[in-house]
Amino acid sequence: MTSHTSAGRRAPPHQARIPEDSVRALRQRAATDERVAGWIFVIPVLVGIGTFLIVPIGMALWISFTDWNGLSPPEQAEFVGLDNYRELVTAEGDPRRDFAMAVRNNLYYVLGVVPAQTAIAFILAVIVNQKFLRGKGFFRTAYYFPSITSSIAISLVFLFLFQRSGAINQLISGLLPGAEFRMNWLDNADGVLHNAVGLVGVDTPPAILTDTSVLGLSLWQWLSGPSVTLFAIMILATWTTTGTMMLIFLAGLQNIPPDVEEASRVDGASALQRFRLVTIPMMKQPLFFVLTIGLIGTWQVFDQIFVISAGGPQKTTLTPAYLIYREGFQNFSMGRATAVAFLLFALIIVFTLVQRRILKPERA
């Protein structure tokens, strides 16, 4: 038998065991180093946010409680408490009436633009997402191009299109043989809904609508619908924003797993059934995102109003954002202007929460 010896083997060296206290100390030191490194990277961002966001918001909130005119040093402004908010919401007078007009106009603007841009963008996204479509890159670029073009430049183009002798009236006249259509789109304060009911003979409103007022405006004024001028601006806004919404929907459509649609096709679902039962439910989160940014953007409309109508005619295109500009830089009432800004912020938050409550995107 061959004897096995351990003469040629060396005993494993003795491994010193690190005390648990030392291990704990090393871990704590590593965690501390990570926290320090994290704060080193985060502090510049926090300084930027604090300097350019939090501090200005805080100053604006303080200004909303003063009568600062925007010209004198802010420290010379007199503290007036809630007077600016009271003038806009409860006190009789032009400030409350103007704020109510701005909210009414913008509400119709939101109700008209957001559904239109969402529906058109979704349809366009479905079309350009089809595999059989040729020239997808061209169509995607063409639809998106208005969104990246200067809104001021587009507004100037629409000024020419919607003039009394512009292309829009010429087009309508061509569709109506023997008629010459000459509507003054950009200087028409008539409400669209009032015009519609006038066509069926309703020229005199019921007394209850004229005698009941909310924020200084009668119910008949609240129910007038957007003015003809605001309606033209709504067409412009829908055209310029649809491309951005289309890209968001397109990204959502391309994120749908192919096996899901394939499974529905194997189960015998038609194209319409796949669209209704598969595509739309899986697009709930992109839909919520599009509606949210659309809602926020439409409540902040300013540039088209500034270029095309300056709040007229008869304040029927006045919006809260333009009211902020007018009060602050034309009427030199920065306190009231910032109060309008914070009331607008509250409105946006309320509508966003209601929208979230309805859509429930967390369940998508």
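Brief remarks on what is shown
- Sulfur and carbon atoms: percent of accessible area, region 242-364 [1.4 Å]: 64 percent
- Positive-end residue of 143, 112, 76, charge dipole of the chain with Cβ unit charges: 143
- FRET efficiency for the pair residue 176 and residue 329, taken as 1/(1 + (r/R0)^6) with r the Cβ-Cβ distance and R0 = 41 Å, rounds to 0.40.
- Added length on full extension, which subtracts the Cα-Cα distance from 0.36 nm per residue, residue 345 to residue 126: 75.5 nm
- Helix-only CD estimate at 222 nm, as mean residue ellipticity for the chain, using -39500 (n - 2.57) per DSSP H run (n ≥ 4): -19500 deg cm²/dmol
- Distant-in-sequence amide H partners of residue 227 (H built 1.01 Å from N, under 5 Å): 192
- Inter-label distance, nm, simple model (7 Å from Cα along the C-beta direction), residue 254/residue 314: 4.9 nm
- Extent of region 297-364 along its three principal axes (Cα atoms, max minus min coordinate, largest first): 47, 27, 17 Å.
- Residue separation of residue 86 and residue 352 scaled by 0.36 nm, minus their Cα-Cα distance, works out to 93.3 nm of gained length.
- Surface composition of region 153-212: carbon plus sulfur atoms contribute 65% of the solvent-accessible area (1.4 Å probe, protein chains only, all chains present).
- The chain: angle of helix 334-359 to the longest principal axis, Cα-based, in degrees nearest 10: 70 degrees
- Mean-position separation - Cα centroids, region 31-57 and region 83-113, in angstrom: 38 Å
- Most to least accessible of 327, 75 (protein chains only, probe 1.4 Å): 75, 327
- Computed Rg/Rh of the chain, alpha carbon atoms with Kirkwood Rh: 1.19
- Check: region 47-199 dipole with +1 on Lys, Arg Cβ and -1 on Asp, Glu Cβ, in debye: 1240 debye
- Heavy-atom accessible area per residue - region 100-245, 1.4 Å, Å²: 53 Å²
- Here the chain is treated with +1 on each Lys and Arg Cβ and -1 on each Asp and Glu Cβ, and its dipole about the Cα centre works out to around 1840 debye.
- Rounded accessible area per residue of region 57-98, 1.4 Å, Å²: 62 Å²
- Chain lengthening between residue 197 and residue 72 when straightened (0.36 nm per residue, less Cα-Cα): 40.0 nm
- Sites residue 30 and residue 272 - FRET efficiency at Förster radius 41 Å, r taken between beta-carbons, to 0.05: 0.10
- Among 209, 53, 223, the residue with the largest mean-square fluctuation in a Gaussian network model of the chain, with springs joining Cα atoms closer than 10 Å, is 53.
The values are calculated or read from the model by the stated rules, or taken from the named source; none is laboratory data. These numbers come from a predicted model, not from an experiment. Cβ: placed from backbone, ideal geometry, glycine included. Neighbour counts: every protein chain shown. Surface accessibility is based on the protein's heavy atoms, side chains included, excluding ligands, DNA and RNA. Shrake-Rupley method; radii C 1.70, N 1.55, O 1.52, S 1.80 Å.
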